[in-house]
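Trainee: There's a structure below that I have some questions on.
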Amino acid sequence: MKQFNDIKSGRREFLRGSGYLLMGFTLMPGLGFTTEPDECYLPEQTLIADREAIDSWIRFDADGILTVLTGKMELGQGIRTALMQMAAEELDIDIKKVRIIIADTGQTQDERYTAGSGSIEGSGNAIRNAAAEARKYLMALAAKELGSNVAELSVKNGIVKSNKNQKTIAYKDLVKGKRFEAEVSEKSELKKPADYKLVGKSIKRTDINDIAAAKSRFIQDLRLPDMVHARVMRPPVYKASLVSLPTEQVQKSPGVLKVVVNGNFAAVIASQEYESMKALEKMKQTAKWESKPIMPLQAQLYADMVQNGNAGEMVEGDKKTSKKPSESAVMLEAEYKRPYQMHGSIGTSCAIGLWKDGQLTIWSHTQGVYPLRSTISDLVNLPLEKIRVIGVPGAGCYGHNGADDVGGDAALLALQMPGKPVRVQWMREDEHKWEPYGSAMVLKIKAELNPEGKVTSWQTDIWSDTHSSRPGGKAGHLIAGQHLEKPFTFEGGGFSGGSHRNSLPLYDFETKNVALHNYKGPLRTSALRSLGAYGNIFALESFMDELALKAGKDPVQFRLDHLTDDRAKEVITTLVKKTGWDLKKEPGIGKGFAFAQYKNNASYFAVKAEVKLDRAAQTYRLVKLTGVIDSGQAINPDGIINQTSGGMIQAASWTMLEQVNYSSDGIESNSWETYPIFRFEDVPDTEVFVIDRPELEPLGAGEAAQGPVSAAIANAIFDATGSRLREIPLTPDKIDWSKVS
Amino acid sequence: MAELINIKVNGKNHHVTVDPEMPLLYLLRNNLRLNGPKYGCGIERCGSCMVLLNGKAQPSCVIPGAAAAVYEVTTLEGLTKNNVLDPIQEAFIEEQAAQCGYCISGMIISAKALLTENKNPTDQEIRQALQRNLCRCGTHTRIINAVKKAAAKMNKG
Ligand code: FES
Ligand code: FES
């Protein structure tokens with residue numbers, strides 16, 4: 001057996017050899033940083049090539065500490081705690097004795113992107129199976145040591161006990177810091193939900209202790225010895241080219257170490273952060289750009305999408321045009337729109353790059369360390385094995401924001417400064433102007449209602465730009481890649497399923513069809529939390545209310561009448577029970593309802609929105625959102641509530657306030673003034689109920705709320721005012737106040 | 001260009017030689033290595049960089065270090081005394097009031113200023129006091145609950 005030396009001895013050894021002076025490295029569980037604010041270490045590379053090995057997912061050290069390894073990233077969704085819970089549960093050990101290592105190409109397996117609410121389903125199951133396999137392995141060892149049968153053994157807090165002779169032995173004395181060196185068969189029996197002690201409990205996130213006590217280390221907080229600071233100068237508008245940049249002035253600015261200009265990519269590196277910012281200002285003043293206008297203009301955008309989107313392709317449903325409408329049926333048709341919207345992370349994108357001894361190391365808050373590594377490999381033309389990407393949490397990203405782009409910036413700049421860690425952080429204005437937005441969408445729905453009030457056919461047409469342009473190995477997807485003198489080209493294409501996510505109604509209609517018209521729009525777009533589901537559910541669930549009205553039915557009952565899925569029905573009826581749904585009119589108050597099963601295969605979510613009108617001021621306020629979620633087995637109910645309530649508030653902000661504004665000269669939404677989001681006085685009260693199904697698979701929960709919330713608000717506004725708002729943001733000026741009594 | 005600035009932060013006097021125009025935020029983060037205050041917007045619109053200046057919550061991203069030196073500065077780090085957390089910090093942990101947590105330092109600082117002046121704030125007063133602080137994760141409901149809980153803790157003594 002090989003000695004497993006990740007946790008103790010190897011670290012010291014490595015540090016001695018690394019040339020890094022590090023002191024007091026008390027390990028903080030999971031973070032991989034020291035408690036000293038100044039140091040962060042480069043963990044030893046311990047990657048095991050074999051993905052099937054138990055040791056690729058969990059490891060025991062000689063002190064009985066269990067290390068869980070995940071290729072997924074902590075994004076504020078609490079994934080670390082949930083995964084530690086799952087591992088501790090299978091092995092029956094104290095969760096305090098568990099730590100976790102997140103996404104690092106030097107340590108963890110390739111788990112692609114942390115996206116689509118797939119971490120519990122993906123990494124969670126891998127870790128759970130590895131833990132179950134490890135348990136089986138440990139039981140066999142223990143049986144031998146204790147002179148018992150496996151069937152006679154029980155475990156509590158990492159101590160195995162023989163119920164035959166009452167002898168005990170601790171896991172750590174079985175493992176002795178060695179590797180398991182066994183593979184995960186996926187045949188090991190998992191613990192029965194009825195025996196769970198940790199899973200299903202609202203275990204507190206230990207990272208929140210650190211956050212509240214100013215001990216957490218975000219990517220923005222890392223300080224490496226000898227670190228220098230860089231700022232990148234972005235063009236004023238997407239396709240501008242740099243005509244001239246007299247660098248002398250900038251070069252002379254205090255603290256400046258280097259000015260880097262390569263095509264349209266320009267940056268300054270200085271000893272101190274503030275010096276780099278001042279130099280950037282100088283650079284901006286002297287740079288001359290030749291701009292190309294952004295077209296089409298915002299006012300023509302939606303019309304242009306419908307006109308210039310492609311002919312369309314049936315992507316979901318029966319994939320045939322519906323039969324001729326029957327004579328007795330009523331046809332209803334409506335068009336909905338959502339604008340470009342931002343991720344709007346509160347912390348700006350940041351990365352550190354270090355080019356030393358022929359190795360490029362990038363510290364990054366990317367959602368995918370492996371894809372970023374291959375993208376950087378493409379960008380700087382280095383083989384994969386010379387690059388390591390270490391994931392460090394940043395501020396919440398909610399999808400593909402500037403994290404990968406700034407990783408590319410850091411890689412290019414690190415190569416210019418051998419031996420020194422180069423920290424790059426974006427300025428707020430650049431974050432707003434350059435992150436890839438959630439695409440604008442136009443949605444046309446046509447449906448047929450029979451005299452019994454049943455929908456017989458449904459057709460949705462979607463116009464949208466891509467909802468996924470993650471780099472995935474292609475340098476042309478990075479801003480820096482596109483700006484170099486020898487630019488990498490952006491190969492869009494591969495329009496993913498993101499555009500039509502949740503466009504197909506879950507309801508039982510005789511025929512249903514979805515056609516997607518791909519459109520290459522003027523602004524940069526990629527994955528924003530829930531992708532196209534947000535716009536699609538906004539349209540679908542608004543339209544369900546329009547149909548219910550036409551059919552003279554209560555909107556909730558109307559949905560139930562079209563549903564056979566029991567779990568779908570149960571989230572709806574639970575919401576009704578919790579909130580006492582009725583359509584009794586109260587003057588000045590509006591109630592709205594909406595439902596969806598995320599991706600039509602993940603969490604079920606139903607929500608009620610309540611709005612209150614201020615007729616004198618011709619405005620409304622969102623007073624309350626109540627949600628019910630069924631995400632199968634709830635690993636950590638409080639974590640699900642936290643994320644769901646957060647998703648509800650964020651979606652309400654998108655829906656009521658947000659749209660990216662632009663002119664031909666560039667993005668105008670360049671600050672929190674010009675792109676307002678919810679502040680405390682806008683935020684509704686929220687309440688979330690979780691339906692736990694311990695016997696079922698756990699499903700991702702993080703994106704379930706986004707779509708339904710938007711429609712619930714639109715439906716509540718209609719209830720209160722009689723105005724049907726079909727274009728996000730649902731600002732009060734779109735309400736016909738003359739209809740409001 | 002650089003000047004010697006004497007500044008009291010978290011109860012300790014510091015002497016740093018820096019560009020006097022450099023905003024306090026960078027002095028705290030880079031010279032004093034305090035990670036509580038964070039950069040979010042640089043123009044006083046997000047509250048990530050909030051600190052207490054003589055007990056009042058203020059953004060630190062614009063005010064020059066030299067100008068801030070007339071105040072006693074407190075960052076999130078300064079609320080923990082002898083390893084004992086402030087009741088507000090405790091309440092945030094108990095309520096699990098964070099998702100990514102990037103905004104939380106600013107939130108706790110704003111709450112500290114509020115609760116020093118107003119022992120029993122209403123929901124509305126809490127919202128007003130936190131109005132300058134943005135949270136993109138939508139943790140607002142829990143943050144309000146945490147501030148209420150902290151008030152109750154402090155009143156109990
Ligand atoms: S960074 Fe100071 S308020 Fe935003
Ligand atoms: S918790 Fe993420 S920004 Fe507030």
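Each row is one residue, and each column tells you yes or no for (1) open to solvent by 20 Å² or more (accessible area, probe 1.4 Å); (2) of a type in the set (A, V, I, L, M); (3) free of Cβ contacts under 8 Å to residues at least 24 places away in the same chain.
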| residue | (1), (2), (3) |
| --- | --- |
| A:471 | no, no, no |
| A:478 | no, yes, no |
| A:490 | yes, no, yes |
| A:501 | yes, no, no |
| A:516 | no, yes, no |
| A:527 | no, yes, no |
| A:536 | no, no, no |
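Trainee: Same structure again: Output the residues belonging to the range B:117-141 that are within 16 Å of ligand 1 (Cβ to nearest atom) and open to solvent by 60 Å² or more (accessible area, probe 1.4 Å).
Mentor: B:132
Trainee: Taking the condition open to solvent by less than 10 Å² (accessible area, probe 1.4 Å), under 21 Å from residue A:604 (Cα atoms), in the same structural domain as residue A:521 (by TED's automatic domain parsing) and modelled with pLDDT of 95 or more, does residue A:688 pass?
Mentor: On the way: open to solvent by less than 10 Å² (accessible area, probe 1.4 Å): no; under 21 Å from residue A:604 (Cα atoms): yes; in the same structural domain as residue A:521 (by TED's automatic domain parsing): yes; modelled with pLDDT of 95 or more: yes.
In short, no.
Trainee: Taking residue B:32, is it more than 11 Å from chain A (Cβ to nearest Cβ), on the phi < 0 side of the Ramachandran plot, open to solvent by 10 Å² or more (accessible area, probe 1.4 Å) and without any contact (Cβ under 8 Å) to a residue 60 or more places away in the chain? Walk me through how you get there before you give the answer.
Mentor: On the way: more than 11 Å from chain A (Cβ to nearest Cβ): no; on the phi < 0 side of the Ramachandran plot: yes; open to solvent by 10 Å² or more (accessible area, probe 1.4 Å): yes; without any contact (Cβ under 8 Å) to a residue 60 or more places away in the chain: yes.
Here the answer is no, as residue B:32 does not meet what is asked.
Trainee: From the list B:91, B:113, B:97, pick out the single residue that is in contact (Cβ under 8 Å) with a residue 40 or more places away in the chain and over 23 Å from residue A:218 (Cα atoms). Steps first, answer last, please.
Mentor: Values: B:91 fails: over 23 Å from residue A:218 (Cα atoms); B:97 fails: over 23 Å from residue A:218 (Cα atoms).
One residue alone meets the criteria, B:113.
For (1) in contact with a strand residue (DSSP E or B) (Cβ under 7 Å, 6 or more places away or on another chain); (2) under 26 Å from residue A:348 (Cα atoms); (3) in a loop (DSSP other than H, G, I, E, B), each residue gets a yes or a no:
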site: A:249; (1), (2), (3): no, no, no
site: A:257; (1), (2), (3): yes, yes, no
site: A:267; (1), (2), (3): yes, yes, no
site: A:295; (1), (2), (3): no, no, yes
site: A:300; (1), (2), (3): no, no, no
site: A:326; (1), (2), (3): no, no, yes
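Trainee: Search the range A:353-366 for residues that are touching a residue at least 40 places away in the same chain (Cβ under 8 Å) and pair each with any residue that is of a type in the set (Ser, Thr, Tyr) when their beta-carbon atoms are under 6 Å apart and the residues are at least 6 apart or on different chains.
Mentor: Listed by first residue and then by second, the contacts come to A:354/A:361.
Trainee: Name the residues in the range A:646-669 that are touching a residue at least 60 places away in the same chain (Cβ under 8 Å), within 14 Å of another protein chain (Cβ to nearest Cβ) and either open to solvent by less than 10 Å² (accessible area, probe 1.4 Å) or not in a helix (DSSP H, G or I) (or both), would you? Give the steps one after another, and end with the answer.
Mentor: Step one: list which residues in the range A:646-669 are touching a residue at least 60 places away in the same chain (Cβ under 8 Å), which gives A:647-648, A:650-652, A:654-667, A:669.
From the residues that got through so far, the ones that are within 14 Å of another protein chain (Cβ to nearest Cβ) too are A:647-648, A:650-652, A:654-658, A:669.
Correct list: A:647, A:648, A:650, A:651, A:652, A:654, A:655, A:658, A:669.
Trainee: For the condition more than 16 Å from ligand 1 (Cβ to nearest atom) and either under 27 Å from residue A:623 (Cβ atoms) or more than 8 Å from chain A (Cβ to nearest Cβ) (or both), what is the one hit in B:144, B:109?
Mentor: Details: B:109 fails: more than 16 Å from ligand 1 (Cβ to nearest atom).
Of B:144, B:109, the one residue that is more than 16 Å from ligand 1 (Cβ to nearest atom) and either under 27 Å from residue A:623 (Cβ atoms) or more than 8 Å from chain A (Cβ to nearest Cβ) (or both) is B:144.
Trainee: Then there's this: If we scan the range A:699-710, do we find a residue that is open to solvent by less than 40 Å² (accessible area, probe 1.4 Å), more than 21 Å from the chain's Cα centre (by Cα) and in contact (Cβ under 8 Å) with a residue 12 or more places away in the chain?
Mentor: Of all residues in the range A:699-710, those open to solvent by less than 40 Å² (accessible area, probe 1.4 Å) come to A:699-710.
Those still in the list that are more than 21 Å from the chain's Cα centre (by Cα) too: none.
No, every residue in the range A:699-710 fails to be open to solvent by less than 40 Å² (accessible area, probe 1.4 Å), more than 21 Å from the chain's Cα centre (by Cα) and in contact (Cβ under 8 Å) with a residue 12 or more places away in the chain.
Trainee: Scan the range A:543-554 for residues that are part of a helix (DSSP H, G or I) and more than 21 Å from residue A:443 (Cα to Cα) and jot them down. Let's see the steps before the verdict.
Mentor: Restricting attention to the range A:543-554, the residues satisfying the condition of being part of a helix (DSSP H, G or I) are A:543-551.
Within the range A:543-554, A:551 is the sole residue that qualifies.
Trainee: Which residue, of A:108, A:81, is farther than 24 Å from residue A:195 by Cβ and in the same structural domain as residue A:155 (by TED's automatic domain parsing)? Lay out the reasoning, then the answer.
Mentor: Working: A:81 fails: farther than 24 Å from residue A:195 by Cβ.
After applying the criteria, what remains is A:108.
Trainee: Identify, please: which residue in the range A:233-255 is open to solvent by less than 10 Å² (accessible area, probe 1.4 Å) and in contact (Cβ under 8 Å) with a residue 60 or more places away in the chain and is, among those, nearest to residue B:31 (Cα to Cα)? Spell out the reasoning first.
Mentor: Here is the first cut: in the range A:233-255, the residues open to solvent by less than 10 Å² (accessible area, probe 1.4 Å) are A:233, A:235, A:237, A:240, A:250, A:253.
Filter once more, so that each one left must be in contact (Cβ under 8 Å) with a residue 60 or more places away in the chain: A:235, A:237.
Values: A:235: 31, A:237: 35 Å.
The residue in question is A:235.
The values are calculated or read from the model by the stated rules, or taken from the named source; none is laboratory data. Note that the structure is a prediction, hence the values are computed from the model and not measured. For neighbour counting, all protein chains shown are included, and Cβ atoms are generated from backbone atoms with ideal geometry for every residue, glycine included. Side chains are part of the model used for accessible areas, which takes the heavy atoms of the whole protein and leaves out ligands, DNA and RNA. Shrake-Rupley method; radii C 1.70, N 1.55, O 1.52, S 1.80 Å.
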